[in-house]
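See structure below.
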Amino acid sequence: MTPQVYVTGMGVVSALGVGRDAHQEAARSGSNGIRLMESVDISLVDCKIAGEVPARSLPPFDVRRADRFVRFALLAAQEAGAEAGLSRTDFDPRRLGVVVATGLGGCETLDAAYHRLYAQNLTRFHPTSIPYAMYNAATSAVANQHQAKGPAYSVVSACASGAHAITQGLDWIRSGRADMVLAGAADAPLAVGIIRGWEGMRILSVDNENPDQACRPFSADRKGLVLAEGAAILLLESEQSARRRGAAPLGAIAGCGLTSDAGHLTDPSTEGAQAAMELALTDGRLQASEIDYVNAHGTGTRANDSTETNAIKAALGGRAYAIPVSSTKSMHGHAMGASGAIEIVLSLIALNAGVVPPTRNLHQPDPQCDLDYVPNTSRPSDARVFLSNSFGFGGLNGVVAVRTQRGL
């Protein structure tokens, strides 16, 4: 039997707040984190709403020392390490790895630099522009934060980035390359240039007057996705290491499935998503009958939600109609590469507390989306195993199968 790879610590930052308590309460109440942006000059964009991390929930930062996505990653990693009781005296730093994914990297840094160059005609960039903006900046910062000297690098695969990072952490521990891995993702894409780029694709929900109703996954009246930001980090740990340290498992990563559509750049594929779910089951030695919940990619776009529904039904068969499926993006928005990691942590927090998080704003059933999406209100749960779906532009798919504390 394959040894368990435990989750012994978790940290999360999203539009719902910072930390376990904020996200557990949000999952229970179905609260909204989507609002008018405060960190962006909204006069410069048409879409003025986002899943922005509330400024009041953030500790004071010296913004000159790191990009926003790095600061989120450091907060999440700090919480994960503290929850796991990770002390620098109880592990070999060469056996602690770090893989922090991102979809877009240092948007805040680059947007500010290009504004200086093109709007203000200032040709001299700050000397930290490149190291702050680079995609591996969060991995490097988290490694330094925990003095991790094992394998470390970053994964970039659009909206599947977080799932891919957690898969990499799982593989490092299974292969013996590391005993522990801080794995997750961070993104902070709320910059004028990035928002304008997404506006150009015409898939944003521009409901500035009703931000709390803007994200409507699986609903017949869905209008598109809502951009967001945040980070989530899990401390993954081998069974032997966790027992040696006396760490209490919060869950376990059972298996992962990765596929490529090798097709259209932006249109999702039923077959690719289905295959990723099936591979996650195979990797975790799971049957469809053992899956108790699916945290859907559920972006709120016309194409994703119906395609994903078909993929879930194809992968799980009749089980798909018997279990809850929800999109927490309806509460916190789409945090790009960080979404998969945020959704895994939020789901694990909620299910360990005995709650299935809801899909907000699902008021008009869509005949093409005919599963149980837990509309609007959370419900009690004794789930043991769940799937978390992440499907990225470029046809990159990642599905993670997770055991809750009840499933260990």
- Item | Scope region 310-347; condition in a loop (DSSP other than H, G, I, E, B) and basic (Lys, Arg); matching residues | none
- Query: What residue, of LEU36, LEU74, is within 20 Å of the chain's Cα centre (by Cα) and touching a residue at least 12 places away in the same chain (Cβ under 8 Å)?
  - Reply: LEU74
- Query: Taking region 284-298, which residues are surrounded by fewer than 22 Cβ atoms within 10 Å (Cβ to Cβ) and out of contact with any Pro (no Cβ under 9 Å at 6 or more places or on another chain)?
  - Reply: ARG285, LEU286, GLN287, ALA288, SER289, GLU290
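So, GLY150, is that one in contact with a Gly (Cβ under 6 Å, 6 or more places away or on another chain) and either farther than 26 Å from SER388 by Cα or part of a helix (DSSP H, G or I) (or both) or not?
yes
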- Task: Quickly run through region 87-105 and pick out the residues that are assigned to a loop (DSSP other than H, G, I, E, B) and touching a Lys or Arg at 6+ places or on another chain (Cβ under 8 Å).
- Result: ASP90, PHE91
- Message: Need the failing condition index for SER326 against (1) crowded, with 24+ Cβ neighbours inside 10 Å; (2) free of Cβ contacts under 8 Å to residues at least 60 places away in the same chain; (3) over 29 Å from GLU25 (Cα atoms), just the number.
- Response: (3)
- Please specify each residue of region 70-96 satisfying the condition of being closer than 17 Å to ASP187 by Cα and in contact with a helix residue (DSSP H, G or I) (Cβ under 6 Å, 6 or more places away or on another chain). VAL70, ALA73, LEU74, ALA77
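Kindly provide the set of residues from region 222-233 that are part of a strand (DSSP E or B) and within 11 Å of the chain's Cα centre (by Cα), ordered by number.
ALA228, GLY230, ALA231, ALA232, ILE233
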- Message: Can you say whether ILE344 is outside the structural domain of LEU74 (by TED's automatic domain parsing), surrounded by fewer than 24 Cβ atoms within 10 Å (Cβ to Cβ) and under 20 Å from GLY255 (Cβ atoms), as far as the supplied structure shows?
- Response: no
- Are any residues in region 39-58 without any contact (Cβ under 8 Å) to a residue 40 or more places away in the chain and either surrounded by 15 or more Cβ atoms within 10 Å (Cβ to Cβ) or assigned to a loop (DSSP other than H, G, I, E, B) (or both), and if so, which ones? ILE42, PRO54
- Task: Determine if region 133-154 includes at least one residue that is in contact with a His (Cβ under 9 Å, 6 or more places away or on another chain) and either buried (at least 16 other Cβ atoms within 10 Å of the Cβ) or at negative phi (or both).
- Result: no
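Conditions (1) modelled with pLDDT of 95 or more; (2) buried (at least 24 other Cβ atoms within 10 Å of the Cβ); (3) not polar (S, T, N, Q), marked per residue:
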{"position": "ALA80", "(1), (2), (3)": "yes, yes, yes"}
{"position": "ALA84", "(1), (2), (3)": "yes, yes, yes"}
{"position": "ARG88", "(1), (2), (3)": "no, no, yes"}
{"position": "ARG94", "(1), (2), (3)": "yes, no, yes"}
{"position": "VAL99", "(1), (2), (3)": "yes, yes, yes"}
{"position": "LEU104", "(1), (2), (3)": "yes, no, yes"}
- Are there any pairs, at least 6 apart or on different chains, whose C-beta atoms fall under 7 Å, with the first in region 138-153 and among the hydroxyl-bearing types (Ser, Thr, Tyr) and the second assigned to a loop (DSSP other than H, G, I, E, B) and buried (at least 18 other Cβ atoms within 10 Å of the Cβ), and if so, which? THR139/SER154; TYR153/ASN136
- Message: I need the full set of residues from region 251-295 which are among the β-branched types (Val, Ile, Thr), out of contact with any Gly (no Cβ under 9 Å at 6 or more places or on another chain) and not in a strand (DSSP E or B), in order please.
- Response: THR270, ILE291
- Set THR299, THR307: member being assigned to a loop (DSSP other than H, G, I, E, B) and under 22 Å from ALA214 (Cα atoms): THR299
- Message: Can you tell me which of (1) out of contact with any helix residue (DSSP H, G or I) (no Cβ under 9 Å at 6 or more places or on another chain); (2) more than 30 Å from ASP382 (Cβ to Cβ) is the one ALA242 doesn't meet?
- Response: (2)
- Task: Restrict the check to region 162-177 and report whether at least one residue is in a loop (DSSP other than H, G, I, E, B) and buried (at least 24 other Cβ atoms within 10 Å of the Cβ).
- Result: no
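The values are calculated or read from the model by the stated rules, or taken from the named source; none is laboratory data. All of these numbers come straight from a predicted model, not from anything done at the bench. Backbone-built Cβ (ideal geometry, glycine too); neighbour counts: all protein chains shown.
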